[in-house]
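Below: one structure, written as structure tokens.
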Amino acid sequence: QVQLVESGGGLAQPGGSLRLSCAASGRIYSINVMGWYRQAPGKQRELVATITSGANTNYADSVKGRFSISRDNAKNTVYLQMNSLKPEDTGVYYCHAPGVKTTSWARSYDYWGQGTQVTVSS
């Protein structure tokens, strides 16, 4: 089975930084795109950033210029570097991989991480 293992969440001060990591484990042939979503209390889950295997990136306007998504294809890992954190960034962050193949000929599958809490507070 493929699993998404997250790390790096926690507490940060306003203006501080956190780096989230999400590693896809298991038998993996390819992952077309990986990304991060977040959900603040009382709000819908929203896209934060995505990155393709070709390193094309997409960011929510609210985080553009502050967050940076990257990936290590050899490690099947995606990162989210979060700088200049604001209290509004608080929420549960979810790792997402919508197109994971275990073999070249197999169909792709969608995977979500369990979510990790990010709290920005002084």
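Remarks
- Solvent-accessible surface ranking, highest first, for R71, R38 at 1.4 angstrom: R71, R38
- Prolate/oblate/rounded label for the stretch 9-56 (Cα gyration tensor, a/c 1.5): prolate
- Among the chymotrypsin sites (Phe, Trp or Tyr not before Pro) within the stretch 77-114, those in coil by DSSP and having at most 16 neighbouring Cβ atoms inside 10 Å are W105.
- Average accessible area per residue (Å²) across the chain - probe 1.4 Å, nucleic acids and ligands excluded: 55
- Accessible surface of the stretch 2-122, 1.4 Å probe: 45 percent of it comes from carbon and sulfur atoms.
- Solvent-free Debye scattering, log10 I(q)/I(0), computed from the Cα coordinates of the stretch 57-122 at q = 0.24, 0.26, 0.27 Å⁻¹: -1.20, -1.30, -1.34
- Compactness index (Cα Rg / 2.2 N^0.38 Å), the stretch 1-93: 1.08
The values are calculated or read from the model by the stated rules, or taken from the named source; none is laboratory data. For clarity, every value in this text was computed on a predicted model and none was experimentally measured. A quick note on method: Cβ atoms are made from the backbone with ideal geometry, for glycine too, and the neighbour counts reach across all protein chains shown. Each accessible area value is taken on the protein alone, full model and side chains, heavy atoms only, with ligands, DNA and RNA left out. Shrake-Rupley method; radii C 1.70, N 1.55, O 1.52, S 1.80 Å.
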